[in-house]
Each structure stands twice: as C-alpha cells, then as structure tokens.
Amino acid sequence: MFVSALAAIICFISYHIIGAKVLPDGTLVEPFALIPIGYLFVLVFIISLICSLLFSRKQK
C-alpha cells in the first residue's frame, strides 16, 4: 500500500527534477509519462487504503 504512495511521490518529484525544455526547433521535450503513472499509483494507493480499512472493520 505505501509502496504505491512512495512510487507516486517519486514520479512527481522526478518529473519536476527532470523538467521540461524547448529545443531550438520549437519542440517540447518533457517526461510526460511520469504524470499519468504517478496518478495511477495514487489511485492504486487510494483503492488499497479503502480495501484495507473495509477488511479491518469487517474483522472486528
């Protein structure tokens, strides 16, 4: 569960560290794939957190 949160944080931090640049011919170069991957990890974290809370309440 926390691995997905850590992976999301790493994706977002990596995106900002790598940054974006414009080449002399006007094309934008950026690590855009890190953004949706980061959001995917956030979604996995939220779903696993909800499932964990539901299962822990069900056992009590």
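Read-outs: derived from the displayed coordinates by stated rules, not from any lab. Because the structure is predicted, anything quoted here is derived from the model rather than measured. Reconstructed Cβ throughout: ideal geometry from the backbone, glycine too, with neighbour counts over all protein chains shown.
Summary table below
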read-out	value
For the range 2-59, Kirkwood radius (reciprocal of mean inverse C-alpha pair distance, Å)	13.1
Phi to ³J(HN,Hα) by Karplus 6.51 cos²θ - 1.76 cosθ + 1.60 over the range 39-52, Hz, x for Gly, Pro	5, 5, 5, 5, 4, 4, 5, 5, 5, 5, 5, 5, 4, 5
Order by protection proxy (mean Cβ within 10 Å, highest first), peptides 17-26, 40-49	40-49, 17-26
